[in-house]
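Novice: Questions regarding the structure given below will be posed in turn.
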Amino acid sequence: MASQDWVDKDFYAILGVSKDASEADIKKTYRKMARKYHPDQNQGDEAAEKKFKDISEAYSVLSNAEDREQYDAIRAMGSGARFSAGGSGAQGSAGFDDMFGGLFNAGRSSRSSRGGGFDASGLPPEFADIFGSAYQGYQQPRPTKGADRNAQTTISFAGSVKGTTIGLKEPSGEVIEVRIPAGIKDGQKVRVRGKGQPGSAGPGDLMVAVHVKPHDFFGRDGDNIRIHVPVTFPEAALGADITVPTLDGESVKVRIPAGTPSGRTLRVKGKGIKTSKATGDLLVTVDVVTPQKLNKEAEQAVRDFAAATDDGDPRAELAAKAKL
């Protein structure tokens, strides 16, 4: 601060104390006013912020004995005094600065060396316990990561089984490549790092919800794949080896045990969904097909079969089971 500032500003009036106020009174008054006008309590209030700076400046001078003595001496010269930088031909106008400049600079240097000045928060050290941490946080907010963004896409059943890569087009024209891992389930999300909203600690991520189109033949059950396979009555009754398709495009043989009823499910190990963590199975449900048309020979064969197996009523126990 230049000595001219000390003449123009009445630090006693700014703090609202008398010129003979004690150090304790000055400290007490400043503490009260600092609480009232602190930026944390008046965010966005420019008048309060200016008031806080003024009272802090006043306290920085009046709370130090050397600075207060110099200030009182300069004020005693009268507020009508004015100063200039001085130079050749300006000897009469530079006297006031010459008189107090060295003393003022020495006093400020001494105070600075003993750590009596204000810290980065604009507060004297004796009030750091009151405002220091909070005000530093106010001045220097913690860096935060940008918010995540959300998007969604629909892929084929094959894409979900084998994995695929899609492109999402931004409004700016940028195309973001999204790698869909093999085995992803309908509704799962894929994270694309660094493609979210910007932030002081780095951008957020892009979260892509993946929807999978159903398949006409294959159905998913966790990591297992379910299929329904039709078999003839003779195959179900006598047993048979049948061939069924799998996800990898190849076929696998399945043994139908003799006497297999319609609706029974057979398991083929390791022929389901393959992920980085596990491999599912192929679940084959047998559907026994009833012929819609029979020629005379086939019809007679069925009648002969019915006569040969007429040894019991398969519905004999239904009445007992149906009792309430």
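Novice: Within the range 281-300, is even one residue among the acidic types (Asp, Glu), in contact with a Ser or Thr (Cβ under 9 Å, 6 or more places away or on another chain) and farther than 30 Å from THR144 by Cα?
Specialist: So far as the range 281-300 goes, yes, one or more of its residues are among the acidic types (Asp, Glu), in contact with a Ser or Thr (Cβ under 9 Å, 6 or more places away or on another chain) and farther than 30 Å from THR144 by Cα.
Novice: I'm checking my understanding of the structure. Among residues of the range 33-47 that are assigned to a helix (DSSP H, G or I) and among the charged types (D, E, K, R), which one is modelled with the lowest pLDDT? Spell out the reasoning first.
Specialist: First, pick out the residues of the range 33-47 that are assigned to a helix (DSSP H, G or I): 33-37, 39-41, 46-47.
The next check asks that each one be among the charged types (D, E, K, R); those that pass are 35-36, 40, 46.
On the way: ARG35: 88, LYS36: 89, ASP40: 82, GLU46: 87.
The selected residue is ASP40.
Novice: Suppose we filter PRO214, PRO171, PRO198, PRO230 for residues that are modelled with pLDDT of 95 or more, part of a loop (DSSP other than H, G, I, E, B), of a type outside the set (A, V, I, L, M, F, W, C) and exposed (fewer than 13 other Cβ atoms within 10 Å of the Cβ); which single one remains?
Specialist: Matching residue, one of PRO214, PRO171, PRO198, PRO230: PRO214.
Novice: Of all residues in the range 270-300, which are over 15 Å from ARG220 (Cα atoms) and either touching a strand residue (DSSP E or B) at 6+ places or on another chain (Cβ under 9 Å) or in contact (Cβ under 8 Å) with a residue 40 or more places away in the chain (or both)? Outline the logic, then answer.
Specialist: Of all residues in the range 270-300, those over 15 Å from ARG220 (Cα atoms) come to 276-277, 286-300.
Across the range 270-300, the qualifying residues are SER276, VAL286, ASP287, VAL288, VAL289, THR290, PRO291.
Novice: Next question. Only one of (1) farther than 25 Å from LYS253 by Cβ; (2) in a strand (DSSP E or B) is not met by GLN300, so which one is it?
Specialist: Of everything listed in (1) farther than 25 Å from LYS253 by Cβ; (2) in a strand (DSSP E or B), GLN300 misses just condition (2).
The values are calculated or read from the model by the stated rules, or taken from the named source; none is laboratory data. These numbers come from a predicted model, not from an experiment. We place every Cβ from the backbone using ideal geometry, glycine too, and count neighbours over all the protein chains shown.
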